[in-house]
Structure formats: C-alpha cells, structure tokens
Amino acid sequence: MHNDQLFLIWAPDESPWSRWAKPVLFSHIDAAPPIAPARDSTVDMTWLPSSNSEVALVLDLPGAEGVNAGVAAASCGYRPVPLYNAVPSPFFADVLSAPAVGAVAEVDLLPVLGALKNTSLQLAELSLPSNAPPAFLLDSNRHGSGLTVKPGEFDNRSICFTTDFPSANFMLANGIRRVLVIQRSRIEPLSDLAYVLRRWQDGGIALQRAQVDFSAAPQPFEIRKPSWYGAMFQRALAAVGLRRAGSCGFGAWVATSAGG
Amino acid sequence: MNAISSVRLFKADPPGVKAGNAFGLRTELPIGLKEFSALRRRALLEGCKWDPQVGDISTLATFPLVMNAGVWKRLAFQAERLSAEAVAAENEISQRPELLGNLGLPRALRRVLTSREPLTPAPCRVMRFDFHPTVEGWRVSEVNSDVPGGFSEASHFTALMAEHFPGLRPAGNPAGAWSRAIATAIGIDGVCALLSAPGFMEDHQVNAFLASQLRKQGCHAFLAKPEQILWRNGTAHLNTEWHRGPLNGVIRFYQAEWLSRLPPRCEWKYFFRGGKTPVLNPALSVISESKRFPLTWQALAVKLPVWRELLPRTCDPRDVPWESDERWLLKTALCNNGDTVCIRELMKPSDWFRTRLAVRIFPGQWLAQGRFESVPVPTPAGPRHVCVGVYTVNGAAAGAYARLSEKTVIDFSATDVALLIDDHA
C-alpha cells in the first residue's frame, strides 16, 4: 500500500477527528524499511472505558508502543488519530535505511513508521463507525533523550501545541466530556501536553490519567496553573522584544515561525 | 460564482466607478468533498503541507480564488517594480550606518551589516509582496524579504486545484522558479543545506518541500540547523552524521535576527559577510524585511514611487498619536506572519496594555502604520479578507500565495486558497 492509502486508513474522510491527523510521517512512509513487529507489540487495552462513555484518549507512549496501543484502543471502539509531528530524516531517499536514520536522528521515528505500516490492515478491518471517539497518539520520546543534542545529529525533536488538537468546544460539541491520558512510567504529563490539557480543563473537559499497563484504575486529576503556564505571556513578551525569541527554536520560548 | 463590487482598482483609476468585480476577484464553487479529500491528501503527502489544521480551522480552502488576467498582470508588474526599488534602496542603506540604525535590527546584526567585509554572495533573491484589496484600491501591507514562505501552497496546492478548473490557470510556480534559479547558481549537481530551527514544524515543511524541488533539479539537498554549518576560509561545510563536506549553497529558512543571536562560535557573520558560499536570501534582505524600512526613505537618493503609492503611511510611533487615534496600527520592526500586528479594537485590554508598555520602552523596535480598510470578498464560506502575496524571483514575478481570513488581520490562522487566473474575463 502507498502512503495515500495508508493515510486514508488512519485518517478516513468519515471521521470528524481525521482533520487533526498529522501527515508528516505518512509523507515518508513509502521509504520506510519493513520493520517486523516487536514480539511484545500487543497491548492490552481491554480495560478502557466503553467507547460510548463520552471519553477521548490521549496515548502519550514511547515510539511504536503508542501506535500499537492505538490499534488496541481501536479494537475497543476508539478512532486512533496519529499526531506524530516530526521529520524522521534529514534526507529523502527511496529507502530510508534503519541503521542510517537511526544513527543520525535524535528521535528515531522508524519504529513508529513501521508500526503505522504494519498495523494499518488490522485497523482497516475494524471498520470503525464514523462517530468513534478519538484516541490521540503522541510519541513520549518527542522531546529527545536529554537537554542537548549531539552536534552532528539530526535534531528532530518536537513539541505539541494546543493548535494540534481540537478545542474543548469542538470536543464538547462532538460528545466528549472527559479525556483519559495514558502514559508509561510517568505520572505528570509532559509540559507541552500539560498545556493542552489545561486548555481543555479550562473549557470544561474533565481529566483522568492511567498507566498503559493498567496498574491502577484511571484517576481524575487537575492541571494546576504551573509556572510555565505563563508561556503565552512569555510569547507575547518575546513578540514585543522583551525576551529573546527563538534563537534556537527548541527549548527557547515558543516563538513565531521564521517565515512570513 | 461570487464577485465583489467595490471601488478603485488602482490609484490611477478614477474614483467612484467600478460597480461589480472592481478588484477582478471572484471565487468558484467548492470542489466535491471526495475530490477535495483526494486533493488534500496529495497536498499533504506530496507537497509537504503538514499543517492543514490549526486548532479547529482547516487551513486549505475547498474553492479557488479567481483573478482576472489583467489584474494579475498589473499586480505582477507592481511587484517587479517594488522588488527593483527595494533592492536599490537596500544597496544605498547598506552604505549608510545611520539609516541601518533606524531599522530596529539587533545590535549584533547591525554591526555585521556595517562592517567592511564583502557581502556573502547569494544564489538568487526571492521576495513576496502582500497585496490587499482596500477601499482605496490595492495596497501592500509588507514585503516578506528575508525568509518568505508559502511555496507549497502557492505552487503544488494551487496546481492541484487548477486541475479541477479547466480554463483557469495558476499565476505561476514560485517553487519551480526558485529551484531553477538556485540550481542554475549552485550547479545542477550542487550540494546545499536548507536550514531551519528545530521544533518549528511550519518551517521544516517549507524546507522539506523546497528540498524536494531542488532534488528534482538534480541538486543534493539536506535539512540541517545553522549550528551544523562550519565555515572554513569563508566556505560553508555541512558537518553532520549524514553529510560532511563543502556546500555549494546554503538556504536559510531562519530569520536574520535569529542568526545574530546564535553564539559567536557558530560564526554566523559568514551568512552575511565574508562568506564565499552563496547564501539565500542575501544579507541585505533584512533591510526591507524590517517594517521600519519606510522610515529611511526620506533620507534616500533612491526614489521609491511604487512603494510610496502602495504602502500605507508608516511612522515612528513617537511621531503619531497611535494611542488615541484608531486609524493607526502597531507592529514590530521584525514582525512575521502578522503575529505582532496590534489593533486596539481587536485586542484584550490587558494585551493592549502590554503593547503600549512595550512601545513606550522600545519605540525603536516598533512602527505605527496607517490602517487600510480591507474590502472583503464574498466566498462560499462567507465574506473573507484577502491577501495576495506576489513572489518575485530575481526580480521577476513568479506566482502568488493567497490567503483568506475572517478577520481583517491575516495571520497564521488564515486559510490558504489557490489563486487561479482567468484569461478570458
């Protein structure tokens, strides 16, 4: 299958949530090498709340696990919406070789590409209804492995923004009252996601969290106003020149795009 | 079909006439849902349009904006004249440190621009002039002179849309013109790096698309960040795990003022002066990129008649009553995407307070510009304000990037619309 067909499986026209699916990995998917599914790629998500309980999921899981968990959630009636938003490679090639890309990129996205490819037929066969609630898929490795990147590496770290998700109003209008955040070995959400969740919370969406291995039942939680919640204020300051804006992009204040 | 009836098309036209389609603009009906879905996927997957959705807003219009060929010809001509005037003014200003100091540029960048070292060569020059239909005719709000974007939308998406409207054609193919100019300058087999800041997907997508265009021309194009460029005797080398060696060209989708904030060890000055490897856009582009560029005109020997005709009056904020007079808007000297355009009536009081504070503390980094009254165009989605960004590549008009907005300000949340030309209207 080519990227167009694969994208259509992951973002079918009939789902209202498909508009948010990120295309960047699908742009590269034809060049991705075949990657055999990991032996333990099956994720048990049978504990999820029923798909008609007005819940949306955010699966913030490392690498391919997010995709596999998304397909497992699809088996429970949720529509996986891939929000992977990073360029996998600094070069386009007919075939992206696993050793080459893995060696140069700070965030290795080939496992995610492979999982999207490998599980697409399984997802297509589920024939999810158009009103299936969303399960937004994020790569919890998106910030990279540390604060710094090796000088010669391809710096493909990424962050998610509120504009990468539907608004609370849209969610409420489409019957979503609650968001369940599912992570592995984290309690607090990553800072960029926390900002998104805070916006939803402000808009009247209740938040819950759980671990992917279901070590405990989902717990309600609130995003308190953290110090970085002033990011918008900082952005405004940056915009008016009171703060250094975007000298290095990542890790600096969120500044505006370079282009006009 | 929707058409607008309004006012004078160009300043030279007599006032009060032109009932019906005065700006030569109309829209067609949207294409079918299934057809648009297929087109959208091609734009996303082939054209690297990776931000088709911003919050709840879909950023690709399902219908084209259509412009009469005569109007397009006139706008293209105006853009070419604006381009020539800007380049002449940049050259003069670069010799006048006192004028460079009035542009609101960072000090480090100013220092490099005023140094005696020869300018780093450029493989070509690309600009985009943003035209708006207003009650006074067409007006230009600014030129994107340093790092213009929108190439995929203006080239690939527009060509896809044109396939659905026989009899209409794109205004051009700016990405094609751009990549041919680069390939000619650096050599068909040339190696180049396209630079952007990590984490900025809206910039990565521009570079990824432009890299694909360069590869079509036979060039070897790699994505990188400025810190990965090593300068040896003025020659740029890419120093990465995926390519090490000298470059024939550097394309920066990285604003000049951002470069000037990099640590000195990055030797960023070579992007502007003293380098031998061609760098796009050239150093002097930041002069007309500054929205305070018009404040230097009075002191120039170069005349800028088209700029003076099309750009609203622009002043230092200290010279006009912007706080009490709603006919003024404010923006920063290095405003991108309209993000710092400040109009009191469109802002929260707290944001307006912060803006006032910033302008008072740093007036030299701001400007006040006379507001123009944009004339909305009827579209299938409702009335929309229009911005037609006309590209010039090496001074020749090369196509257009059109956007629609419900608001009078065109910013990152505007909808991209294919601009098609009607040769028979």
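Values in this text are rule-based calculations from the coordinates and carry no lab data. Since the structure is predicted, the reported quantities are computational estimates derived from the model, not experimental observations. All Cβ positions, even for glycine, are placed from backbone atoms using ideal geometry, and neighbour counts span all protein chains on display.
Just rank B:145, A:120, A:127, A:167, fewest to most, by other beta-carbon atoms within 10 angstrom. Mind dumping the intermediate values first?
Working: B:145 27, A:120 20, A:127 7, A:167 17.
Arranged by neighbour count, lowest to highest, B:145, A:120, A:127, A:167 become A:127, A:167, A:120, B:145.
With r as the distance between the Cβ atoms of residue B:215 and residue A:127 and R0 = 41 Å, compute the FRET efficiency 1/(1 + (r/R0)^6) and round to 0.05.
Details: r = 39 Å, r/R0 = 0.94.
For R0 = 41 Å, the calculated efficiency reads 0.60.
To the nearest Å, what is the center-to-center distance of segment A:1-44 and segment B:25-101, using C-alpha atoms only?
Distance between centres, Cα-based: 30 Å.
Show me A:22-28, B:294-300, A:190-196 ranked by packing, highest mean number of other Cβ atoms within 10 Å first.
Numbers: A:22-28: 25.9, B:294-300: 16.3, A:190-196: 19.1.
By packing density, highest mean first, the sequence is A:22-28, A:190-196, B:294-300.
Segment B:241-373: D in µm²/s via Stokes-Einstein (Kirkwood Rh, Cα pairs, 25 °C, 0.890 mPa s)?
Details: Rh = 17.3 Å.
The diffusion coefficient I find is 142 µm²/s.
What does the helix-only formula give at 222 nm for chain B: each DSSP H stretch with n ≥ 4 adding -39500 (n - 2.57), the total divided by the residues, and the result rounded to the nearest 500 deg cm²/dmol?
Working: 11 runs with 112 residues, N = 425.
Taking each H run of at least 4 residues, the total per residue is -8000 deg cm²/dmol.
Please list, or write none, the aspartates and glutamates whose alpha carbon is within less than 16 Å of the alpha carbon of residue B:348, excluding same-chain residues fewer than 8 places away.
Filter leaves B:323, B:326, B:339.
Sort A:104, B:54 so that the residue with the fewest other Cβ atoms within 10 Å of its own Cβ comes first and the one with the most comes last.
Working: A:104 20, B:54 17.
Ordered from fewest to most neighbouring Cβ atoms within 10 Å, A:104, B:54 come out as B:54, A:104.
Give the cross-link partners of residue B:73 among the lysines, using a straight C-alpha distance below 16 Å as the criterion and excluding same-chain residues fewer than 8 apart.
B:11
With the Cα gyration tensor of segment B:197-302 in hand, convert its eigenvalues to equivalent ellipsoid semi-axes via √(5λ) and list them largest first in whole Å. Mind showing how you got there, number by number?
Working: eigenvalues 140, 58, 40 Å².
Three semi-axes, in Å: 26, 17, 14.
Using a 7 Å offset from the Cα along the Cα-to-Cβ direction at both residue B:356 and residue A:222, what is the distance between the two label points in nm, to one decimal?
Taking the two extended label points, one gets 3.4 nm.
Give the shape of the protein assembly as shown as rounded, prolate or oblate, defined through the alpha-carbon gyration tensor: a ≥ b ≥ c are the square roots of its eigenvalues, a/c under 1.5 means rounded, and otherwise the shape is prolate if a/b is larger than b/c and oblate if not.
Values: a/c = 1.56, a/b = 1.38, b/c = 1.13.
In terms of gyration-tensor shape, prolate.
Using only the Cα atoms of chain B, build the gyration tensor, take square roots of its eigenvalues as a ≥ b ≥ c, and label the shape rounded, prolate or oblate: rounded if a/c is under 1.5, else prolate if a/b is larger than b/c, else oblate. Each step should come with its number before you reach the end.
Numbers: a/c = 1.66, a/b = 1.15, b/c = 1.44.
It is oblate, given that a/c is not under 1.5 and a/b is not larger than b/c.
Rank B:58, B:374, B:290 by mean-square fluctuation in a GNM of chain B with C-alpha springs under 10 angstrom and give only the top-ranked residue.
Largest GNM mean-square fluctuation: B:58.
Using only the Cα atoms of segment B:46-204, build the gyration tensor, take square roots of its eigenvalues as a ≥ b ≥ c, and label the shape rounded, prolate or oblate: rounded if a/c is under 1.5, else prolate if a/b is larger than b/c, else oblate.
Values: a/c = 1.74, a/b = 1.44, b/c = 1.21.
Because a/c hits 1.5 or more and a/b exceeds b/c, segment B:46-204 counts as prolate.
For segment A:154-213, what's the relative contact order in percent, using C-alpha pairs closer than 8 Å and at least 6 residues apart?
46 percent
On the first, second and third principal axes, largest extent first, how far apart are the outermost C-alpha atoms of segment B:149-260 in Å?
53, 30, 23
What is the average number of partner chain Cβ atoms found within 10 Å of a Cβ in B:40-52? All intermediate terms of the calculation are to be shown ahead of the outcome.
On the way: counts 5, 9, 1, 1, 10, 12, 3, 2, 4, 2, 8, 7, 5.
So the per-residue partner count for this stretch is 5.
If segment B:296-419 were replaced by its equivalent ellipsoid, with semi-axes equal to the square roots of 5 times the Cα gyration tensor eigenvalues, what would those be, largest first, whole Å? Mind dumping the intermediate values first?
On the way: eigenvalues 134, 99, 32 Å².
Computed over segment B:296-419, the values are 26, 22, 13 Å.
For the pairs A:117/B:216; B:331/B:407; B:276/B:303, flag any whose C-alpha to C-alpha distance is greater than 20 Å.
Details: A:117/B:216 27 Å; B:331/B:407 17 Å; B:276/B:303 32 Å.
Cα-Cα > 20 Å for A:117/B:216; B:276/B:303; rest within.
Summarise the partner chain shielding of B:237-246 as one whole number: the mean count of Cβ atoms from other chains within 10 Å of each residue's Cβ. Working shown, then result.
Numbers: counts 0, 2, 2, 9, 10, 11, 4, 1, 0, 0.
Mean number of neighbouring Cβ atoms from other chains: 4.
Go ahead and run the numbers for FRET between residue A:4 and residue B:88, Cβ-Cβ distance against an R0 of 51 Å, rounding to 0.05. Present the calculation step by step, with values, prior to reporting the outcome.
Numbers: r = 47 Å, r/R0 = 0.93.
Efficiency computed from Cβ-Cβ geometry: 0.60.
If the reach is capped at under 16 angstrom between alpha carbons, list the aspartates and glutamates near residue B:49, excluding any in the same chain fewer than eight residues apart.
By straight Cα distance, residue B:49 reaches A:4, A:164, B:153, B:202, B:203, B:416.
Enumerate the amide H contacts of residue A:209 below 5 Å, restricted to partners 5 or more residues apart or on another chain; note that Pro and chain-start residues carry no placed amide H.
Under 5 Å from the amide H of residue A:209: A:181, A:219, A:221.
Within 10 Å of each Cβ in peptide B:255-263, how many partner chain Cβ atoms are there on average? Round it to a whole number, please. The partial results should precede the final answer.
Values: counts 9, 1, 5, 9, 1, 1, 6, 2, 2.
The per-residue average across the peptide is 4.
What order do you get for B:92, B:345, B:289, B:28 when you list them from fewest to most C-beta neighbours inside 10 Å? Each step should come with its number before you reach the end.
Working: B:92 16, B:345 8, B:289 29, B:28 20.
Fewest to most other Cβ atoms nearby, the residues stand as B:345, B:92, B:28, B:289.
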